[in-house]
Amino acid sequence: MTNRLTSHLFFLLCILLTGCEDSCNGGGTPDRPEKPVIVVFENDVHCAVDGYARLAAVRDGYKTLTPYVTTVSCGDFVQGGVVGSVTRGEAIVDIMNRVGYDVVVPGNHEFDYGMDRLRELDQKLEADIVCANFLDLRTGSLVFSPYRMLSYGDVDIAFVGLTTTTTHVAGPTFRDERDSIVYTFSPREELYTYAQQAVDAARKEGADYVVALSHLGDVDWLAEHPSSVSVIANTTGIDVVLDGHDHHVISDSIVLNREGKPVLLASTGTELKYAGVLTLDKEGTFSTNLVELDNIQSDSEIQSFVDEIKEQNLSSGDRVVGINEQPLAIYDSLGNRLVRTHETAIGNFCTDAFRLVAGTDIALLNGGGLRSNLPQGELTHNDLLNLMPFANSMCVGSLTGQQLLDALEVCVRILPEENGSFMQVSGLRMEVDTTLASPVVLDEHDIFVRVDNKPRRVSNVQVLSRKSGSYEPIDTKRTYTLATFNYILIDMGCDGCLRYATTISADLGRDTDVLATYISRHLGGRIRQQDAQVEGRITCKPPHTQP
């Protein structure tokens, strides 16, 4: 990897030096840059703050070779780690301002702290937020500018923003005081229209090139939510798409647009393992490569600032909450997020904690709410915050066996594809047939409506009896109690899978405090192997593996 990285950098530096030499001889035309344009990009950083100093070092290296350097983000930066959650995004914005970002598109997690907070962060963020498909339903207008035009000598490049329509709009973030939904992301066909309108407007304003900053992901989510690939295929006039959301590493891919013309697609993965470098050479040709940041020496000034931020916000979480005898992972060895597709030991540990602390029949926690591994050895409160950074509270509700069957059906509806709404479970076990089409029906806001009278994916559901200690077939008429996140039960997250459940207690403590209580009171301060293991709670037919 290091040799390949070195050759990539050498190749790009050669391009830059050649461009500088040619421009000195009077090269360049109105639609081609006189010197190379560099766009340093990232996506899905999720509060991995130590990577910013390395990204800044990469960016500043290019600044010594060309004046045309821009820094952009493709979303999901203020949430996903302790520094973000403790400061509700403010410390991340401070770091990004110190690095010097120019344009960003909001990811779905930029909305986690609410619209009022996002507006506050927008006021503080020195970069421009662009999004061509986020609308205020009260006015019918876009909330943010659809694009930002930047000039590089005689060349103008428009950066168009697009945010995934999987962003959960049924929760309180997007509702007014009368509980009506007032903000929305354009649905599939309208997204193509809004994207095309933004591109056309930018071209009309004089853009020589259009780069889409996309937080869509490159894989279509069933037939409901467009990907970056489908946006390219249904539009014209976009030259490059820099993508986020799916956490995929794409160094350079070519996708054909509606007219059959090639569009460059790239994505950096997540947590600043890579920095992306988009180059527009003086011939008007785009290329991308990824720089592995572990091999880059940090910018000392930025790193010092990050260290100060960490010291201010992490010290209170250094207290030890227990000992973990085994590493517990949300990822497999290849970096795939197993918690969104499979039963996992860490998921069983977390759901057991909720069920036993709350004293309910079952517990359900969505895999998308578990964000980090738990290391072996001493566990601190910060480790728990990294695992559950969204400041959810534990809630208790009740539902009938039939409503539970319906909820489980919603949560497996796109398996074997990855889904943040896939549930880790405690107190029950089930079988899932992923060869069957999902019978689940959602409304226009992607909220669960019903399960059609068709073959179901979920079968052989059994609930653990608190009296006998053995699993028994689910009783569709019996009422069961469950523990879960407020996001699922109160805010109708995870496609509203629990919309028909009844809330008993709305706030029984922060999620991380529930885990700490479980470790201390139920496990005696130590997580042993028997306390967290895969035990056949979810069996898929046929077994599926990550791509």
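The values are calculated or read from the model by the stated rules, or taken from the named source; none is laboratory data. Here the structure is a predicted model, which means the values were calculated and not measured. Methodologically, a virtual Cβ is constructed for each residue, glycine included, from the backbone with ideal geometry; neighbour enumeration extends over all protein chains shown. Just the protein is used for accessible areas: all its heavy atoms, side chains included, with ligands, DNA and RNA removed. Shrake-Rupley method; radii C 1.70, N 1.55, O 1.52, S 1.80 Å.
Here are the numbers for the structure shown:
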| item | result |
| --- | --- |
| Members of segment 366-390 found to be out of contact with any Gly (no Cβ under 7 Å at 6 or more places or on another chain) and open to solvent by 20 Å² or more (accessible area, probe 1.4 Å), listed by number | S372, N373, P375, Q376, G377, E378, D383 |
| Scan of segment 171-217 for residues that are polar (S, T, N, Q) and touching a Pro at 6+ places or on another chain (Cβ under 9 Å), ordered by number | Q197 |
| Elements of type strands (runs of 3 or more DSSP E) contained in segment 278-397, each with 1 or more residues being within 27 Å of G469 (Cα to Cα) and of a type in the set (S, T, N, Q) | 320-324, 362-366 |
| Where D513 falls short, out of the listed (1) in contact with a Gly (Cβ under 8 Å, 6 or more places away or on another chain); (2) under 21 Å from V396 (Cβ atoms) | (1) |
| Residue check for G536: free of Cβ contacts under 8 Å to residues at least 12 places away in the same chain and in a loop (DSSP other than H, G, I, E, B) | no |
| Enumeration of residues in segment 194-234 that are part of a loop (DSSP other than H, G, I, E, B) and farther than 30 Å from R413 by Cβ | G206, A207, D208 |
| Residue satisfying all of: in segment 150-193; assigned to a strand (DSSP E or B), open to solvent by 30 Å² or more (accessible area, probe 1.4 Å) and not polar (S, T, N, Q); modelled with the highest pLDDT among these | D156 |
| Qualifying position, being buried (at least 19 other Cβ atoms within 10 Å of the Cβ) and not β-branched (V, I, T), among R319, R413 | R413 |
| Single residue of segment 246-277 satisfying the filter (open to solvent by 70 Å² or more (accessible area, probe 1.4 Å), modelled with pLDDT of 95 or more and part of a strand (DSSP E or B)) that is nearest to I157 (Cα to Cα) | P262 |
| Single residue of S459, S421, S426 found to be among the hydroxyl-bearing types (S, T, Y) and open to solvent by less than 10 Å² (accessible area, probe 1.4 Å) | S426 |
| Residue in segment 489-502 that is open to solvent by less than 60 Å² (accessible area, probe 1.4 Å), assigned to a helix (DSSP H, G or I) and over 16 Å from L408 (Cα atoms) present | no |
| Single match in D446, D406 (criterion: charged (D, E, K, R), on the phi > 0 side of the Ramachandran plot and surrounded by 15 or more Cβ atoms within 10 Å (Cβ to Cβ)) | D446 |
| Boolean, S151 is touching a Cys at 6+ places or on another chain (Cβ under 9 Å) and free of Cβ contacts under 8 Å to residues at least 24 places away in the same chain | no |
| Identity of the residue in segment 462-488, of a type in the set (S, T, N, Q) and outside any loop (DSSP other than H, G, I, E, B), that ends up most open to solvent (accessible area, probe 1.4 Å) | T479 |
| Per-region count, segment 455-472, residues within 17 Å of V432 (Cα to Cα) and without any contact (Cβ under 8 Å) to a residue 24 or more places away in the chain | 1 |
| Criterion violated by L508 - all others in (1) under 20 Å from Q326 (Cβ atoms); (2) in a loop (DSSP other than H, G, I, E, B) satisfied | (1) |
